[in-house]
Amino acid sequence: MAETFAQHYLEKAQRYGDSKVAVRQKKHGIWQEYSWAQSLEQVKLFGMGMLQLGLLRGEQVAAIGDNDKEYLWGYLGVHAIGGAMVGMYTDANPQEAAYIIDHSDAKYVLAQDQEQVDKMLDIRADIPQVRKVIYWNDSGLWGYENDWLLSYQDVIEMGRALLAKEPDRFETEVKLGSADDLALICYTSGTTGLPKGAMLSHKNMLVAARMFEEVDPRYEDDNHVSFLPMGWIAEHILGIANHCYYGIIINFPEEPETVRQNLREIAPEVVVYGSRLWDNLVSMIQVRLLDSSWLNKAMYKACMPIGNRMAEKRMRGAAAGPGLAISYKIADMLFFGPLRDQLGMSNIRTAITGGAALSPDVMRFFHAIGINLKQVYGMTEVATAGTSHYTGDIKFASVGKPVPGADVRIGENDEIQLSSPTLFMGYYKDPEKTAEDVQVDPDGRRWFLTGDAGYIDEDGHLIYLDRVKDMIELSNGARFSPQFIEGRLKFNPNVREVMTVGDPTRDFVTALIIFDFDNVARWAEKKGIGFTTFADLSQKPPVLELVKGAVEEINSSLPPDGRIKAFVLMPKEFDADEAEMTRSRKLKRQVLVEKYSEIIDALYGKSADPITVRQEVTYQDGSTGFTENTLTVVRV
């Protein structure tokens, strides 16, 4: 029974032979196809070449370069003879690359091109254990004479020579692999120190692929466009592991810059983007619509309300009525379908977002146009297999429910803890940190302590809040995440800026809120609400009720002790010129707390009376003056 990447890969190659495409890569504007038999030949020759070169079972090989067929064949060739891979980000600087290569004890480096080879030459003295650097794109390298460098083709020829003498050697080596062999060392981001090398076995990664398949089935004719960086665990699981285990077709873009165009040509069934890219897609669509014809603008205006209503139904797993179903079918034919085609998502079954949470507006937009977008939560240490949204059960505020086989619990300080059969082997050369981050319960079950704070809501969804170290504790012992609440509230189109308030001397959360003047002013004009200035509009009772509704909506997704109990609408925006924010619009919390202490004290008082505040302001010419405003404290 197959247990490793290479064993599963060999089974697929023997089954499909030349009857099915394994890999595509676009070169010079043409998609070049390689059957499973052709792909296997390259993997076999490279693996045997590395064996001839001296790679021993259990040794590591680091790789740096864009995703392409040689990277894949080299990766699987190393696995075939018992080696482990070490992924790196293509844009890693020489010092970052040197640390990972040296720390991982990599004995060889696969480097794509002249740019990456030059990095290796710059750091050669820092990575003395590296025997050879193997490059696969020789453009610009013809004049390099260095016996430390070796071409991909040279390794292939070495493999060919070995197979001529030992034709069954490849299959013999593949059979020696076992599920618990080290397959990958994937380095964490290192935001709180030097990056840590998480060791993942073949079992960890293949089981993770199977766990996600239970949430979203994969099929042998599925297309995967491989562009996620190999320094990130996601591509190893959702790309290479699925290729070996389910036989999906891997497609490599011509260049990183052509990903969107190539994605449209392939039209994959599953797409994985980071949250920022999903945000950028919505912005791109909206900008293009502004420059579009009146007909496209009219269709967008007519179709989106229909799409939003359908999205609400689908995300709750509810059936649409006949009227909505017919309306949506027409909207899909006229607008949504062509838009998905432009995005390369005409065949999409599932879209995945990872990293930072997406705004409800972005999630709703993609569901409205027929893209089943889901948030996942996981990390390298569990091979990404933590939680996921399920079709028909999607909550904006959550990161979903545990994937089949995984468990989530909340520990001390609201820390999210994960248990999964994919839990890593430990940090490379760091047993102390491994022991610190992995806890074994009385039943012998291992739990990974994520360092993230969150809670599980009444429907079993995991709500991610923040890093534990960034949480604030109240006087009653409850903890809350300022960034989580502020971020969620700013998703509302009527809210521009928020600063939540709370500390160990207070027993609940309050907020200073800046409303979005443009959006609220348009709303007020439609409602016939007269106003003169920003400050005047901010205190109109209908506006206070409008923002209160936004706060109540966010509160419904928060634990009781973390809900906003009172707020004021500020009479002016926070201003970098007054040192209230940085130039990059990050709040200067301590400055704001001191400056608006009178308002904050009123928020925590019991009086329902409005408060009058006198504030110093700085004008554009540098002069100062004072304003006086009466503010209403809104209790929620």
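The values are calculated or read from the model by the stated rules, or taken from the named source; none is laboratory data. Just so it is clear, the model here is predicted, and its values are computed rather than measured. Cβ sites come from the backbone with ideal geometry, for glycine too, and all protein chains shown count toward neighbours. Keep in mind that these areas ignore ligands, DNA and RNA; they rest on the heavy atoms of the full protein, side chains included. Shrake-Rupley method; radii C 1.70, N 1.55, O 1.52, S 1.80 Å.
Does segment 533-554 contain at least one residue that is among the β-branched types (Val, Ile, Thr) and either closer than 18 Å to residue 593 by Cβ or open to solvent by 30 Å² or more (accessible area, probe 1.4 Å) (or both)? Looking through segment 533-554, at least one residue is among the β-branched types (Val, Ile, Thr) and either closer than 18 Å to residue 593 by Cβ or open to solvent by 30 Å² or more (accessible area, probe 1.4 Å) (or both).
Considering every residue within segment 585-594, establish whether at least one is surrounded by 14 or more Cβ atoms within 10 Å (Cβ to Cβ), in a strand (DSSP E or B) and without any contact (Cβ under 8 Å) to a residue 12 or more places away in the chain. No, because not a single residue in segment 585-594 is surrounded by 14 or more Cβ atoms within 10 Å (Cβ to Cβ), in a strand (DSSP E or B) and without any contact (Cβ under 8 Å) to a residue 12 or more places away in the chain. Looking at segment 495-561, the helices (runs of 4 or more DSSP H) lying wholly inside it that each contain 2 or more residues that are aromatic (Phe, Trp, Tyr) sit at 517-527. Listed by first and then second residue, the pairs with beta-carbon distance under 8 Å, at least 6 apart or on different chains, first residue in segment 331-353 and of a type in the set (Lys, Arg), second open to solvent by 10 Å² or more (accessible area, probe 1.4 Å) and not in a helix (DSSP H, G or I), are 340/346; 340/348; 340/370; 349/216; 349/269; 349/270; 349/372. Residue 486 satisfies every condition listed in (1) open to solvent by less than 20 Å² (accessible area, probe 1.4 Å); (2) in contact with a Lys or Arg (Cβ under 6 Å, 6 or more places away or on another chain); (3) under 23 Å from residue 635 (Cα atoms) except (2).
Under the condition of being open to solvent by 10 Å² or more (accessible area, probe 1.4 Å) and touching a helix residue (DSSP H, G or I) at 6+ places or on another chain (Cβ under 9 Å), the residues counted in segment 80-91 number 3.
The set of residues in segment 350-406 that are closer than 23 Å to residue 239 by Cα, of a type in the set (D, E, K, R) and open to solvent by 20 Å² or more (accessible area, probe 1.4 Å) contains only 401. Taking the numbered list (1) part of a helix (DSSP H, G or I); (2) in contact with a strand residue (DSSP E or B) (Cβ under 9 Å, 6 or more places away or on another chain); (3) of a type outside the set (Ser, Thr, Tyr) in turn, residue 214 passes all entries but (2).
Every condition in (1) farther than 22 Å from residue 79 by Cβ; (2) open to solvent by less than 20 Å² (accessible area, probe 1.4 Å); (3) not in a helix (DSSP H, G or I) is met by residue 146 except one, and the failing one is (2). The single condition among (1) under 27 Å from residue 362 (Cβ atoms); (2) crowded, with 23+ Cβ neighbours inside 10 Å; (3) touching a Ser or Thr at 6+ places or on another chain (Cβ under 9 Å) that residue 450 does not satisfy is (3). Just one residue in the set 304, 310, 315 is hydrophobic (A, V, I, L, M, F, W, C) and within 30 Å of residue 385 (Cβ to Cβ); that residue is 315. The single residue among 31, 36 that is among the aromatic types (Phe, Trp, Tyr) and open to solvent by 20 Å² or more (accessible area, probe 1.4 Å) turns out to be 31. Residue check: is residue 362 of a type in the set (A, V, I, L, M) and more than 16 Å from residue 278 (Cα to Cα)? It is false that residue 362 is of a type in the set (A, V, I, L, M) and more than 16 Å from residue 278 (Cα to Cα). Quick one: which residue in 400, 378, 451, 444 is closer than 30 Å to residue 508 by Cα, out of contact with any Phe, Trp or Tyr (no Cβ under 8 Å at 6 or more places or on another chain) and of a type in the set (Gly, Ala, Ser)? So the residue among 400, 378, 451, 444 that is closer than 30 Å to residue 508 by Cα, out of contact with any Phe, Trp or Tyr (no Cβ under 8 Å at 6 or more places or on another chain) and of a type in the set (Gly, Ala, Ser) is 451.
Taking strands (runs of 3 or more DSSP E) that do not extend beyond segment 1-120, which have at least 2 residues that are within 23 Å of residue 202 (Cβ to Cβ)?
Details: elements: 21-27, 30-35, 60-64, 84-87, 106-111.
Hits in segment 1-120: 21-27, 60-64, 84-87, 106-111.
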